[in-house]
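Remarks on the structure that follows.
The values are calculated or read from the model by the stated rules, or taken from the named source; none is laboratory data. Note that this is a predicted model, so its numbers are computed, not measured. When we count neighbours, we look across all protein chains shown, and the Cβ atoms used for this are built from the backbone with ideal geometry, even at glycine. Keep in mind that these areas ignore ligands, DNA and RNA; they rest on the heavy atoms of the full protein, side chains included. Shrake-Rupley method; radii C 1.70, N 1.55, O 1.52, S 1.80 Å.
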Amino acid sequence: MEILLIIVSAIFVNNIVLAQFLGICPFLGVSNKLSTATGMSAAVCFVITLATLVTYLLNKYLLLPFQLEFLQTISFILVIAALVQMVEIVLKKMSPSLYQALGIYLPLITTNCAVLGVAMNVVQKEYTFGLPSHMLGLGEAVLYAFATSLGYGLAMVIFAGLREQLALSSVPKAFKGIPIALITVGILAMAFMGFSGIA
């Protein structure tokens, strides 16, 4: 039950973009079309999950034992940048079709602060799923990261659909473009606040 509560909380209640305001730049920049938003969401989901797995292991087996916690931020940034580059190279060799689908979005993920934010959340908040805090497991950390990335993707796909509808609507000239997008994001964030009673 607690695992389900954490998943629902990560996707709806503490949505990484609508409640924590991380990853706003790609959220606003790539959400003009539903197809590009879906591609970006899939790429972010993959990279957030993989980056959390690697940064968790780095933190637990290298930084903490040698008391190098002050290097968390810089080492996590380097790991994320290296992971994105490696994923890009592997996809280009192993699956050219998937690389073409995600290839445009992979470099953008390097600068997405949501990836770093999730890795830092896992380390600092220690989501334990009912276990004592010293027993935080790798599986729980990866599950939290995956659920958070699903929340990011859900918000981005919903927002992209709304922006496509707004493009067909008659919006006052002063509100066209980014102003109406920001108002829409605000209303979407308020709608997601309705889930706060669940968790």
Exercise. Kindly establish whether Ala19 is crowded, with 16+ Cβ neighbours inside 10 Å and either in a helix (DSSP H, G or I) or among the aromatic types (Phe, Trp, Tyr) (or both).
Key: no
Practice problem: Say whether the condition of being buried (at least 16 other Cβ atoms within 10 Å of the Cβ) and touching a Ser or Thr at 6+ places or on another chain (Cβ under 9 Å) is met by at least one residue in the stretch 1-8. | Solution: no
Self-check item: Candidate set from the stretch 161-175 (those that are open to solvent by 60 Å² or more (accessible area, probe 1.4 Å) and within 16 Å of Gly29 (Cβ to Cβ)); member that is modelled with the lowest pLDDT
Solution: Ala167
Quiz prompt | Residue satisfying all of: in the stretch 59-74; open to solvent by less than 80 Å² (accessible area, probe 1.4 Å) and within 20 Å of the chain's Cα centre (by Cα); farthest from Gly139 (Cα to Cα) among these | solution = Thr73
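Listed here are the residues, each with its yes/no results for (1) under 24 Å from Ile24 (Cα atoms); (2) modelled with pLDDT under 80; (3) not in a helix (DSSP H, G or I).
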| position | (1), (2), (3) |
| --- | --- |
| Gln72 | yes, no, no |
| Ser75 | yes, no, no |
| Ala82 | yes, no, no |
| Val90 | no, no, no |
| Leu98 | no, yes, no |
| Ile109 | yes, no, no |
| Leu116 | yes, no, no |
| Ala119 | yes, no, no |
| Val123 | yes, no, no |
Quiz prompt | Residues (under 16 Å from Leu22 (Cα atoms) and polar (S, T, N, Q)) located in the stretch 145-181 | solution = Thr148, Ser149
Quiz item: Can you find a residue in the stretch 27-42 that is buried (at least 16 other Cβ atoms within 10 Å of the Cβ), free of Cβ contacts under 8 Å to residues at least 60 places away in the same chain and either more than 14 Å from Ala119 (Cα to Cα) or not acidic (Asp, Glu) (or both)?
Solution: no
Exercise. Evaluate the following for Tyr99: is it buried (at least 16 other Cβ atoms within 10 Å of the Cβ) and free of Cβ contacts under 8 Å to residues at least 12 places away in the same chain?
Key: yes
